[in-house]
Amino acid sequence: MNVTIVSAVTTKEWWGRKRASRSPFVAVALGIAIQLARFGVIVGALAVAPMVGVSGWYAGLFANVACVLFAVALVTVLGLWRGSGSARWWRSPLAALWLLPFVLEGALRFALPGGIEVPPPGIALWTCTLLLASLNEELVNRVAVLGVLGRTVGPTWSAVASAALFGLAHLSLLVTTPTRTADDILLNVLASAAFGFALAAFQIRFRWVLSLVLVHAFANASVIFTEVEMPFVGDVAIHAAFVLFGILLLRTGQRGTVARRNDGVLTRQRTE
């Protein structure tokens, strides 16, 4: 179906509205500030947890609850709920089809030899904390940070910058899991950036963050609940594929919207 929308504004005016008054540098700085604030919430929650009688594994759950509250408040203050897809249970068959690579990555990990083992305190509490962790990360990164960047730069650079910030945010593992080696954390940062780029591209294309919460939780579960790690070559191939997948999402999304000049008036045509 072809729908042609003619807007009585010049091309210059249209781009001016899209980019708003905030510079890209301010937007990136705000994105960094958001990530640092979330890290502060994590550190603060882990410090407060023992004071209220929460310790061990449950301190992580406590921190995830705090991060969800932070993320909800953040998205509310920024006014980014509308269009995020946070309350949309179904988008379209096409959007669901584009989710398959995310599901496939988790399925590959679950299929590794060694089987599935759910560590204490059991599947119910692990499911809860995985969903809370994915919810706060998606709201912060694919709604708040991506939304802030999207006000000043185009979709491609928004996806790249938000993915980089998402990857760098995992440097927090140096504090939250000090037993991990520096090279392991660095690889996690790079892998998270590649994964985050694909997630950002999907959100830009379909605005369906609720689905990303679910596939993100599934991906994390596939790492935690499997005894055998993915071989290094396999991990590299998967995350390289995520980068290519994100590029494909962005390119096909751009072809869906055609902008052309017509006597100084911007005509936008969307094909669905």
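FYI, it's all coordinate maths here, none of it is from the lab. Small disclaimer: the values here were computed from a predicted structure and weren't measured. Here the Cβ is made from the backbone with ideal geometry for all residues, glycine too, and neighbour counts use every protein chain on show.
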(message) From the helices alone, meaning DSSP H stretches of at least four residues, give me the mean residue ellipticity at 222 nm for the chain, per-run term -39500 (n - 2.57), in deg cm²/dmol to the nearest 500.
(response) -21500 deg cm²/dmol
(request) Please give the net charge around A217, taking every other residue with its beta carbon less than 10 angstrom from that of A217, where Lys and Arg add +1 and Asp and Glu add -1. (result) -2
(message) For the chain, what are Rg and Dmax over the alpha carbons, in angstrom?
(response) 19.9, 68
(request) Subtract the Cα-Cα distance of R88 and F39 from 0.36 nm times their separation in residues, and report this length gain in nm to one decimal. (result) 14.8 nm
(message) Checking the a/c ratio against 1.5 first, then a/b against b/c, what shape does the Cα gyration tensor give for the range 54-205?
(response) rounded
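Treat the count of other C-beta atoms within 10 Å as a stand-in for reagent exposure and order F70, F110 from fewest to most.
Values: F70 22, F110 14.
Lowest count first: F110, F70.
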(message) Could you order the peptides 42-54, 194-206 from most to least packed, using the average number of other C-beta atoms within 10 Å per residue?
(response) 194-206, 42-54
(request) Could you sort 240-247, 152-159 so that the peptide with the highest average Cβ count within 10 Å comes first and the rest follow in order? (result) 152-159, 240-247
